[in-house]
1. Somewhere in segment 38-47, is a residue crowded, with 16+ Cβ neighbours inside 10 Å, part of a strand (DSSP E or B) and within 11 Å of the ligand (Cβ to nearest atom)?
2. Can you name the residue in segment 87-121 that is among the aromatic types (F, W, Y) and surrounded by fewer than 20 Cβ atoms within 10 Å (Cβ to Cβ) and is also farthest from H29 (Cα to Cα) among such residues?
3. Tell me which strands (runs of 3 or more DSSP E) are completely within segment 48-123 and hold 3 or more residues being more than 24 Å from P12 (Cα to Cα), or say none if there are none.
4. Considering only segment 72-114, state which residues are away from the ligand (no atom under 15 Å from the Cβ) and under 19 Å from F23 (Cβ atoms).
5. Please determine, by comparing only the residues of segment 124-137 that are without any contact (Cβ under 8 Å) to a residue 12 or more places away in the chain and outside any loop (DSSP other than H, G, I, E, B), which one is farthest from the ligand (Cβ to nearest atom).
6. Condition (residue is loosely packed, with under 15 Cβ neighbours inside 10 Å, under 15 Å from the mean Cα position of the chain (by Cα) and of a type in the set (F, W, Y)) applied to segment 50-73: is it met by at least one residue?
7. Go through segment 1-54 and count every residue that is aliphatic (A, V, I, L, M) and in contact with a helix residue (DSSP H, G or I) (Cβ under 8 Å, 6 or more places away or on another chain).
Amino acid sequence: MSISDCKIIDLPKIANPQGNLTFIEGENHIPFEIQRVYYLYDVPGGGERGGHAHKELQQLIIAMSGSFDIVLDDGKDKIRYHLNRSYNGLYVCPMIWRELDNFSSGSVCMVLASNRYDEIDYYRDYAEFMRARWGAE
Ligand code: TYD
């Protein structure tokens with residue numbers, strides 16, 4: 001599992017002058033079964049979130065409104081994504097350190113997740129994450 005396993009997923013978009021519509025039909029569009037949905041909002045402009053990795057959790061992260069950046073880090077490589085379209089989701093596989101920053105004010109970040117919340121699934125310490133990924137080199 002590396003950052004090359006993470007990717008932008010183009011979701012269906014029904015364009016209409018009266019407003020666009022996007023839908024997600026579970027495993028038709030994303031590579032896991034959705035067990036949880038949560039969202040970040042009222043993040044101060046320029047704010048930062050994240051700073052952790054998950055042992056098993058898979059996620060699809062969508063900028064429902066506004067924009068923000070996500071930096072993915074597998075301990076060897078890093079990549080920065082700018083999310084600003086509600087028909088694009090960033091798929092994040094397990095064992096990837098992520099930081100979210102550069103939030104525009106009023107933005108909403110929705111996350112579809114493959115499991116319920118479980119603190120045991122988190123690495124919140126970067127050094128511990130690196131040891132788990134690459135051993136005590
Ligand atoms: P956390 O995942 O650390 O958020 P972020 O990475 O965006 O800063 O979660 C923040 C707090 O919310 C933490 O105390 C755990 C709690 N939480 C839940 O209770 N349920 C959830 O589904 C999530 C995502 C977080």
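Values in this text are rule-based calculations from the coordinates and carry no lab data. Just so we're clear, the structure is a prediction, and the values are computed from it rather than from any experiment. Don't worry about glycine lacking a Cβ; one is built from the backbone with ideal geometry, like all the others, and counts go over all protein chains shown.
1. The answer is yes; a qualifying residue exists.
2. The extreme case among them is Y117.
3. Answer list for segment 48-123: 49-54, 68-73, 97-101.
4. Hits for segment 72-114 are R85, S86, Y87, N88, G89, Y91.
5. Applying the filter and picking the extreme gives R131.
6. Looking for residues that are loosely packed, with under 15 Cβ neighbours inside 10 Å, under 15 Å from the mean Cα position of the chain (by Cα) and of a type in the set (F, W, Y), one finds none in segment 50-73, hence no.
7. 2
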